[in-house]
Amino acid sequence: MSIALDVRGLTVAYGSIAAVRGASFRVETGEIATIIGANGAGKTTILNALCGLRDVRAGSIRLGDRDITALPPHARVPLGLAQVPEGRRLFGRMTVAENLEIGGYARTDRAAIAADLDRVLALFPRLRERIRQLAGTLSGGEQQMVAMGRALMTRPRLLLLDEPTMGLAPQVAELVLDAVRAVNADGVTVLLVEQNAYRALEIADRAFVVESGEISLEGSGVELIDHPRVRTAYLGYDA
Ligand code: ATP
């Protein structure tokens with residue numbers, strides 16, 4: 001397996017306070033990896049550093065065989081990195097089609113864009129039915145699918161997902177996580193930050209626990225589901 005993402009000694013600070021402190025982790029091509037941790041542990045900061053929205057104080061980020069640590073966000077997208085941000089950030093007064101097209105805006109090959117749109121609509125058939133509807137009128141789960149679809153329109157190799165099930169009813173959250181699996185089965189490596197640690201660990205090949213900005217545990221999803229500290233701290237089991 002080749003390495004999709006190799007993060008070494010990542011340190012990210014807000015002013016004098018380091019929110020991420022020397023985090024090192026790797027994701028292999030084809031995997032679903034997940035980062036779990038308490039509120040404020042540093043998960044979003046890690047994702048934002050990966051896509052260039054936060055300056056890195058120390059350490060390195062490699063995407064495949066490229067060192068991307070110093071690249072601006074827009075230069076990372078054509079290398080295969082896309083993020084679905086927390087809160088989805090759709091254009092509510094634009095249609096589903098228009099929101100998806102924004103994902104392909106930097107590209108000029110109309111035929112390839114059309115093929116990618118077909119692929120997105122095959123992954124999320126519900127969006128085909130809603131294609132002319134304003135994004136702001138969709139349900140939360142459908143909006144999440146549009147946000148994922150928009151990211152997929154950039155043809156990522158690695159998709160970063162920040163809390164995709166936030167605010168969704170349990171059954172809808174399941175649909176979204178099914179969609180994450182479908183995207184992965186379609187050949188996209190996934191790095192998922194998810195509040196529902198149990199479900200995230202269940203679908204993850206590889207998992208990392210972040211505590212106070214440091215990676216404190218690492219293993220397969222199944223291993224961490226069985227880990228005593230994970231069970232008490234993140235899965236709600238009694239000690
Ligand atoms: P959550 O689950 O609440 O989103 P998280 O694990 O994603 O939490 P981060 O949002 O990465 O955590 O925050 C990590 C730490 O950095 C926290 O202590 C937070 O208060 C701090 N922090 C985050 N954003 C900023 C900011 N813009 N300015 C200053 N401190 C920040």
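Tabulated data
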quantity	calculated
Looking only at the stretch 1-33, and only at residues there that are of a type in the set (Gly, Ala, Ser) and free of Cβ contacts under 8 Å to residues at least 60 places away in the same chain, the one that is farthest from Thr165 (Cα to Cα)	Ser16
Candidates Val222, Val209, Val183, Val190 - the one that is buried (at least 22 other Cβ atoms within 10 Å of the Cβ), of a type in the set (A, V, I, L, M, F, W, C) and assigned to a helix (DSSP H, G or I)	Val183
Residues that are of a type in the set (A, V, I, L, M) and free of Cβ contacts under 8 Å to residues at least 12 places away in the same chain, drawn from the stretch 122-141	Ala122
Ile46 among the aliphatic types (A, V, I, L, M), touching a Phe, Trp or Tyr at 6+ places or on another chain (Cβ under 7 Å) and either within 12 Å of the ligand (Cβ to nearest atom) or in a loop (DSSP other than H, G, I, E, B) (or both)	no
Hits in the stretch 208-239 - residues which are of a type in the set (Phe, Trp, Tyr), under 24 Å from the mean Cα position of the chain (by Cα) and farther than 15 Å from Val27 by Cα	Tyr234
Hits in the stretch 126-146 (condition: closer than 23 Å to Arg110 by Cβ and either part of a helix (DSSP H, G or I) or of a type in the set (A, V, I, L, M) (or both))	Leu127, Arg128, Ile131, Ala135, Val146
Cβ pairs under 9 Å, 6+ apart, first in the stretch 56-74 and of a type in the set (Asp, Glu), second part of a strand (DSSP E or B) and surrounded by 16 or more Cβ atoms within 10 Å (Cβ to Cβ)	Asp67/Ile61
Members of the stretch 69-96 that are away from the ligand (no atom under 16 Å from the Cβ), more than 17 Å from Gln133 (Cα to Cα), of a type in the set (A, V, I, L, M, F, W, C) and surrounded by 14 or more Cβ atoms within 10 Å (Cβ to Cβ)	Leu71, Val77, Leu79, Leu81, Ala82
All positions within the stretch 193-206 that are touching a residue at least 60 places away in the same chain (Cβ under 8 Å), not in a helix (DSSP H, G or I) and not charged (D, E, K, R)	Val193, Ala204
Extreme residue, surrounded by the fewest Cβ atoms within 10 Å (Cβ to Cβ), among residues of the stretch 7-40 that are more than 8 Å from the ligand (Cβ to nearest atom), farther than 20 Å from Ile68 by Cβ and among the hydrophobic types (A, V, I, L, M, F, W, C)	Ala18
Members of the stretch 155-174 that are surrounded by 20 or more Cβ atoms within 10 Å (Cβ to Cβ) and either away from the ligand (no atom under 16 Å from the Cβ) or assigned to a helix (DSSP H, G or I) (or both)	Pro156, Leu158, Leu159, Ala173
Pick from the stretch 34-55, criterion in contact (Cβ under 8 Å) with a residue 60 or more places away in the chain and not β-branched (Val, Ile, Thr), ranking: farthest from Asp6 (Cα to Cα)	Ala38
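Laboratory data are not the source of any read-out in this text; all were calculated from the coordinates shown. This structure is a prediction, so every number in the text was calculated from the model and none was measured. We place every Cβ from the backbone using ideal geometry, glycine too, and count neighbours over all the protein chains shown.
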